Amino acid sequence: MLITLLTGIHGVKRHLKKLARGMCHVMEVESFEDDGVAKLLNDWFVSIKVDREERPDVDKVYMTYVQALYGGGGWPLSVFLSPDLKPLMGGTYFPPDDKYGRPGFKTILRKVKEAWESKKDVLVKSGTFAIEQLSEALSISKLSDKLSEEIAQSALHKCTKSLAESYDPQYGGFGSAPKFPRPSEPQSMIYQSKKLMDLGKPDEAEKHLKMVSFSLQCMARGGVHDHVGGVWMSAGMRDMIGHDGEIFSAEDADSAEPENPTKKKEGAFYVWTTSEIEDIVGEHASLFKEHYYIKKSGNCDLSSMSDPHNEFKGKNVLIERKSTNELASKLGMPLENYQEILGLSRKKLFEARSKRPRPHLDDKVIVSWNGLAISSFARASKILKTEPEDTKFNFPVSGTNPQEYMEVAKKALNFIKENLYNSQSRRLQHSFRNGPSKAPGFLDDYAFLISALLDVYEYGGEIAWLSWAVELQDIQAVFEKRLKEAPVAVPLMCCAADMLAVPSKKQVVLVGMKSSPQMEHMLVSVHASYDPNKIVIHIDPSDEDEMGFWKEKNPNVAAMAKSN
């Protein structure tokens, strides 16, 4: 029998819950829950579902095959394999029946079966050749120990030029809809903006910065942002952290409908009817409805892609289409009063939403994702301390002490070190759920964890975190070919390559007792402005472990600490 491999995100995750309809979820409902499709799969195929979060290595092999075959890819990914796992055919989203100009999934299943029965030898030969080509393409070896100067100097320019050319000036972001946010894209644009400013090109620098600023503002106003529950960091501390400090993966987009708990529906936890808004918000409902584009018919009507199956009829996702200043002025109301009313209204909705059935929590702990979150918490622990003391925040932001963020970061690192790291082999495991997974750590696990360790150290953590980063870095590979051929695919790597080309990086060395308020103030000050080419080192000359580390790694730093 043939094997059909289905890879995708396990459920449509909270991070992207309100983007244009997730195709993983659509195909799940349309095809995989259909009795007719199930019969064909069970009669002719052995079906294997792979969670790409759990096994990105398996997904990578067959996604590369589909991309090479058809010039594009995505999820859900359906690949048909021979019994010895050679790829025969594949694709992304298929409707259940022939429509949208695409063959239906049932048609695909019949065609693959017919081809296997009539052209088996040709398919097997083709699959064997494909695997040989894939093995060559996916094998990575160092071309040299040093990145070529030409690539180091050109990759960032090529990358940001491509991004700028794909910028959407109407809705923000890069590329065409549906857009899936890639944090590395705005990060590389900000990096290039600072570089251009340093080179005396302020106009070009401002253009790059405005692209990023407008894109982030559009995201903040849009439906991907949870206006009621708050930004990710608030939700990370409220719902997404385990007892031992581990940071969970996500929550599903589907949850039980409040009015029908036996039935799950996408977005049920997050969407609102007009009557719900009016009943919960009360006297300020009209203001709130205008601000968040709430309509009786539902507001998922801005694009034909927003609700292709008409599931959100009469439902509303909170989005801001007009500026707060504009709406406050229209009502002749002071901006501060207007924002306060919005905050109180959001709080009422939050309390009402808390009584709804919650989406399923995916409590899997993934090293790479934890690394990204840890970096965010470490940086926030100092950067957010630069907010003016009299700054007034409205719900869902509420008096969180930035110092707590560093403790969250350290607890998550401790969990990974105790449960997912073998100190003898110096190897990571990829994930944890009721114990470590069998999957080894992948490149992104090492890269993002090392980045997190550097951030935790630079923003005030102990020398032990820097020491662990050095251990982990010793086992990584290089990507010179990718930087040369497709720099826009690896924006942050382009930034790293550019850093290598910078003639002199700035070292900021702080000497003093770590626990002193003066050291804390200095760390806040040094991280208050953005400069990707600075390295922050802080050292306590009375700490023998720290002095020993720097005597070995950089004697000049140790000497500086000793003499100051």
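The values are calculated or read from the model by the stated rules, or taken from the named source; none is laboratory data. Everything quoted here is computed from the prediction, not taken from an experiment. Positions of Cβ are generated from backbone atoms using ideal geometry, with glycine treated the same way; all protein chains shown enter the neighbour counts. Each accessible area value is taken on the protein alone, full model and side chains, heavy atoms only, with ligands, DNA and RNA left out. Shrake-Rupley method; radii C 1.70, N 1.55, O 1.52, S 1.80 Å.
Using the structure shown, list the pairs from Lys39/Lys99; Lys264/Lys289; Lys86/Lys106; Lys207/Lys296; Lys86/Lys364; Lys263/Lys417 with a Cα-Cα distance above 32 Å, or answer none. In this structure, Lys207/Lys296; Lys263/Lys417 lie more than 32 Å apart at Cα.
Among the GluC sites (Glu not before Pro) in segment 20-95, those placed in a DSSP loop whose Cβ has at most 12 other Cβ atoms within 10 Å are Glu33.
Which of the GluC sites (Glu not before Pro) found in segment 373-407 are in a DSSP loop and have at most 15 neighbouring Cβ atoms, other than their own, within 10 Å? List each step's numbers first, then the result.
On the way: sites: Glu389, Glu404, Glu407; in loops: Glu389.
Here the GluC sites (Glu not before Pro) that fit, given the DSSP loop and packing criteria, are Glu389.
For segment 354-367, the Karplus equation 6.51 cos²θ - 1.76 cosθ + 1.60, evaluated at θ = phi - 60°, returns couplings of 4, 8, 6, x, 7, x, 5, 8, 8, 8, 5, 10, 9, 4 Hz by residue, with Gly and Pro reported as x.
Loop-resident trypsin sites (Lys or Arg not before Pro) (DSSP state other than H, G, I, E or B) in segment 323-431 with no more than 14 further Cβ atoms inside 10 Å of their Cβ: Lys355, Lys392, Arg426. FRET efficiency for Leu335 and His157, Cβ-Cβ distance as r, R0 = 56 Å, nearest 0.05? With a Förster radius of 56 Å, E is 0.85. Here the extension length gained between Leu85 and Glu114 equals 8.6 nm, from 0.36 nm per residue of separation less the Cα-Cα distance.
Over the C-alpha atoms of segment 123-253, the Rg to Rh ratio, Rh being the Kirkwood estimate, stands at 1.10. Just so you know, the averaged projected area of the alpha carbon convex hull for the chain sits at 29.5 nm².
Using helices alone, what [θ] at 222 nm do you get for the chain, with -39,500 (n - 2.57) per DSSP H run of 4 or more residues, divided over all residues and rounded to the nearest 500? Walk me through the numbers on the way to the answer.
Working: 22 runs with 272 residues, N = 564.
It lands at -15000 deg cm²/dmol.
Modelled spin-label separation between Leu361 and Glu485, with each label point placed 7 Å from Cα along the Cα-to-Cβ direction: 4.4 nm.
Of all aspartates and glutamates in the structure, those lying under 14 Å Cα to Cα from Lys514, and not within fewer than 8 positions of it along the same chain, are Glu458, Glu462, Asp540, Asp543, Glu544, Asp545, Glu546.
Given a 1.4 angstrom probe, I'd like the percentage of the accessible area of the chain that is carbon and sulfur, rounded to a whole number.
Working: 15760 of 29410 Å².
On the chain, the fraction of accessible area on carbon and sulfur atoms equals 54 percent.
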